[in-house]
Amino acid sequence: MKIVVLAGGTSTERDVSIVSGTGVCKALRQKGHQAILVDVFAGLESVKLEAAFEGDYDVEAAAEYIKSFNERIQELEKQRRDFFGPNVVALCKAADIVFLALHGENGENGKVQAAFDLMKIKYTGTGHTGSAMAMDKGITKALFQMYQVPTPKGVTMTVKNRRNDLSVHGMDFPVVVKTCCGGSSIGVYIVQNQEAYVKALDEAFSYEEEVVIEEYIQGKEYTVAVVDGEAYPIVLIEPVSGFYDYKNKYQAGATIETCPAPLDEEKTRKMQEYAVRGYKALALQAYGRLDFMMDEAGNMYCLEANTLPGMTPTSLIPQEAAALGMDYPTLCEHLIEVSLKKYE
């Protein structure tokens, strides 16, 4: 198959996206596909469309080209009106499918998916509606509550109706303050007192105009991939220090990840059932990953869903697939197969 692996972009998760895309592109070429790595925003200035997928291809060189734009992204954003870079749309139209290795805003929020839907470009992952709903943690929480997916108590707050008094929401410290549409735990703050709460609101609102405030669940963190409506083995996530923030997610040795998680059969089944229920509540398609907390009493709380989760060879979904006996290149190919079902 001719495949464009779309990575990079303008979000705060650009660097992680490039790593995901590089891994996916190498894996798909290993499987015999004509895969090329393209930055959705930087694009390719000079490319012969008829020959783009032919011949030898250096994935590492493509990744280095994409990284060369890292320091100029904000400057280019101010100069350009178009989000799609040079030749991106043309390359995607020429491909059999686009593997979305994008993370965060303008990649995971449904806008790219909606544009591709209008242009009849096939892509991996869920459609634009599910992407948009899952990206917004306030909408996610409301849908979880509606479909009986246990989730921490919480409220949304906009910068216009900001209230520094937590008691007006009927909540007590500690709480979690997080941006509504952020990713990779950027803009997430666990606060224990009033001073920290005000500071967390200041910082969260510097990212976005809407935040979520929810009760803090003391316990262990887990994650469950749902692929084609089926829950994969659970991963237990244990940061060496602090919580599962950006540093602990991507710094080698900062987190211990155990898959399958050491849970008894009943708890495993229950968490997987909640994951599938959350997946359906958000109208997800193809695949996604749902994050959970479990307190010391064994109560489970679904925090959010990731529609384009990390796809580096050591990311969480590849670990879950490995527990099923599926290697990384086979997983990448399988995600394409289940994504194509959207178009049947």
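For the stretch 232-259, the candidate set comprises residues that are open to solvent by 20 Å² or more (accessible area, probe 1.4 Å) and among the small types (Gly, Ala, Ser); within that set, the residue that is modelled with the highest pLDDT is Gly253. Note on the stretch 319-344: residues that are open to solvent by 10 Å² or more (accessible area, probe 1.4 Å), part of a helix (DSSP H, G or I) and not polar (S, T, N, Q) amount to 11. Across the stretch 15-26, the number of residues qualifying as under 12 Å from the mean Cα position of the chain (by Cα) and modelled with pLDDT of 95 or more comes to 2. Annotation: of all residues in the stretch 66-93 being of a type outside the set (D, E, K, R) and in a loop (DSSP other than H, G, I, E, B), the one that is surrounded by the fewest Cβ atoms within 10 Å (Cβ to Cβ) is Ser68.
Of the residues making up the stretch 23-35, just one is surrounded by fewer than 24 Cβ atoms within 10 Å (Cβ to Cβ) and either among the hydrophobic types (A, V, I, L, M, F, W, C) or within 15 Å of Leu100 (Cβ to Cβ) (or both), namely Leu28. Selection of the stretch 264-300 for residues being of a type in the set (Lys, Arg) and open to solvent by less than 50 Å² (accessible area, probe 1.4 Å) yields only Arg289. Pairing each residue of the stretch 46-58 that is farther than 16 Å from Arg29 by Cβ with any residue that is hydrophobic (A, V, I, L, M, F, W, C), provided the two are 6+ apart or on different chains, yields C-beta distances under 6 Å for Leu49/Ala90; Leu49/Ala94.
Being open to solvent by 60 Å² or more (accessible area, probe 1.4 Å), touching a strand residue (DSSP E or B) at 6+ places or on another chain (Cβ under 7 Å) and at negative phi is the requirement here; does Asp96 meet it? In short, yes.
For the stretch 114-125, does any single residue satisfy the condition of being in contact with a Lys or Arg (Cβ under 9 Å, 6 or more places away or on another chain), open to solvent by less than 70 Å² (accessible area, probe 1.4 Å) and part of a helix (DSSP H, G or I)? Looking through the stretch 114-125, at least one residue is in contact with a Lys or Arg (Cβ under 9 Å, 6 or more places away or on another chain), open to solvent by less than 70 Å² (accessible area, probe 1.4 Å) and part of a helix (DSSP H, G or I).
Residues of the stretch 94-113 that are under 21 Å from Gly310 (Cβ atoms), part of a loop (DSSP other than H, G, I, E, B) and touching a Phe, Trp or Tyr at 6+ places or on another chain (Cβ under 9 Å): Asn106 alone. Reported count of residues in the stretch 281-304, each being under 16 Å from the mean Cα position of the chain (by Cα) and under 19 Å from Glu238 (Cα atoms), is 7. Test Ser46 against the criterion of being exposed (fewer than 12 other Cβ atoms within 10 Å of the Cβ), modelled with pLDDT of 95 or more, out of contact with any Gly (no Cβ under 8 Å at 6 or more places or on another chain) and among the polar types (S, T, N, Q), and give yes or no. Spelling it out, it is not the case that Ser46 is exposed (fewer than 12 other Cβ atoms within 10 Å of the Cβ), modelled with pLDDT of 95 or more, out of contact with any Gly (no Cβ under 8 Å at 6 or more places or on another chain) and among the polar types (S, T, N, Q).
Considering (1) in contact with a strand residue (DSSP E or B) (Cβ under 9 Å, 6 or more places away or on another chain); (2) of a type in the set (A, V, I, L, M); (3) open to solvent by 70 Å² or more (accessible area, probe 1.4 Å), the lone condition that Met146 does not fulfil carries the number (1). Residues that are open to solvent by less than 30 Å² (accessible area, probe 1.4 Å) and assigned to a loop (DSSP other than H, G, I, E, B) were ranked within the stretch 162-184; the one that is modelled with the highest pLDDT is Met171. Looking only at the stretch 49-65, which residues are more than 25 Å from Lys111 (Cβ to Cβ), of a type in the set (Phe, Trp, Tyr) and open to solvent by 50 Å² or more (accessible area, probe 1.4 Å)? Scanning the stretch 49-65 gives a single hit, Tyr57.
The values are calculated or read from the model by the stated rules, or taken from the named source; none is laboratory data. In this text the structure is predicted, and so the values were computed from the model without any measurement. Backbone-built Cβ (ideal geometry, glycine too); neighbour counts: all protein chains shown. For the accessible areas, the whole protein counts, side chains as well, though only heavy atoms, and no ligand, DNA or RNA atoms are used. Shrake-Rupley method; radii C 1.70, N 1.55, O 1.52, S 1.80 Å.
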